Amino acid sequence: MDFVPKRMFFTKGVGYHKNQLQSFELALRSAGIEKCNIVSISSIFPPDCQILSREAGMDALRPGQITPVVLARESTNEPNRLVAAAIGLARPKDKRLHGYLSELHAFGQTVKKIADFAEDLAATMLASTLGIELDPDVDWDERKMVYKVGQRQFVSSSIAQSARGHKDGLWTTVVACAVMLLE
């Protein structure tokens, strides 16, 4: 069997429960991947990998299947504490080359801020392999212009989920995932 994923989709979710593990399960359910045996993987986006919509990706899942996932996850049981998780993707325009996925989890970050940062992390990793120098001292929007407009060598995207800790102190868990499909 070829273990290089051919397709991938992004998903995210949030769960609340008095037990931390069950809040994680509910976040996976919210993301639509609770029926899978999730295997955490590192962050290489495979060459020639097709990005599917969430709906098309979930239709391809079967209960109990081994499912490689780049997973970002954060939890809190502090009322009103902001938790966030994000996955960033940077992939070359040439789809025969590999790209990078980054996972980020944080406290106090908005969806926009953590999504931008996760995307920038993936872009920075990919840029270094393509010989593009991204200056770490310039702001994210300026760096993004280098790879989106200036060089046009790669594109990036992200998915993020944030939530405020439940007001009654229930565990709040957020997940953001890049789900890989081997078939």
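The values are calculated or read from the model by the stated rules, or taken from the named source; none is laboratory data. This structure is a prediction, so every number in the text was calculated from the model and none was measured. Methodologically, a virtual Cβ is constructed for each residue, glycine included, from the backbone with ideal geometry; neighbour enumeration extends over all protein chains shown.
Yes/no per residue for (1) at pLDDT 95 or above; (2) on the phi < 0 side of the Ramachandran plot; (3) in a helix (DSSP H, G or I); (4) surrounded by fewer than 22 Cβ atoms within 10 Å (Cβ to Cβ):
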site	(1), (2), (3), (4)
P63	yes, yes, no, yes
E74	yes, yes, no, no
P79	yes, yes, no, yes
R96	no, yes, no, yes
L101	yes, yes, no, no
F117	no, yes, yes, yes
T129	no, yes, yes, yes
D135	no, yes, no, yes
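Every test in (1) surrounded by 14 or more Cβ atoms within 10 Å (Cβ to Cβ); (2) among the basic types (K, R); (3) out of contact with any helix residue (DSSP H, G or I) (no Cβ under 8 Å at 6 or more places or on another chain) is passed by K12 save one, and that test is (3). Could you list all residues from segment 24-43 that are in a loop (DSSP other than H, G, I, E, B) and either closer than 18 Å to S102 by Cβ or charged (D, E, K, R) (or both)? Those that are in a loop (DSSP other than H, G, I, E, B) and either closer than 18 Å to S102 by Cβ or charged (D, E, K, R) (or both): E34, K35, I41, S42, S43. Tell me whether segment 84-93 contains one or more residues that are part of a loop (DSSP other than H, G, I, E, B) and either modelled with pLDDT under 95 or buried (at least 19 other Cβ atoms within 10 Å of the Cβ) (or both). Yes: one or more hits. Does D2 qualify as being out of contact with any Gly (no Cβ under 7 Å at 6 or more places or on another chain), farther than 30 Å from G169 by Cβ and modelled with pLDDT under 95? Considered against the rule, which asks whether it is out of contact with any Gly (no Cβ under 7 Å at 6 or more places or on another chain), farther than 30 Å from G169 by Cβ and modelled with pLDDT under 95, D2 comes out as yes. May I ask you to list the residues in segment 47-61 that are outside any helix (DSSP H, G or I) and either among the acidic types (D, E) or out of contact with any strand residue (DSSP E or B) (no Cβ under 8 Å at 6 or more places or on another chain) (or both)? Across segment 47-61, the qualifying residues are P47, D48. For beta carbons closer than 6 Å, sequence separation of 6+ or different chains, a first residue in segment 1-19 that is more than 23 Å from R73 (Cβ to Cβ) and part of a strand (DSSP E or B) and a second that is at pLDDT below 95 and not charged (D, E, K, R), there are no qualifying pairs. Close Cβ contacts (under 9 Å, 6 or more residues apart or on different chains) running from residues in segment 167-181 that are surrounded by fewer than 24 Cβ atoms within 10 Å (Cβ to Cβ) to residues that are of a type in the set (G, A, S) comprise L170/S23; W171/G15; W171/S23; W171/S75; W171/G165; L181/G57; L181/A60. Name the residue that is nearest to G165 (Cα to Cα), counting only residues in segment 90-109 that are small (G, A, S) and in contact (Cβ under 8 Å) with a residue 40 or more places away in the chain. The qualifying residue nearest to G165 (Cα to Cα) is S102.
Taking the criterion of being of a type in the set (V, I, T) and in contact (Cβ under 8 Å) with a residue 60 or more places away in the chain, the residues of segment 31-54 that qualify are I33, I41.
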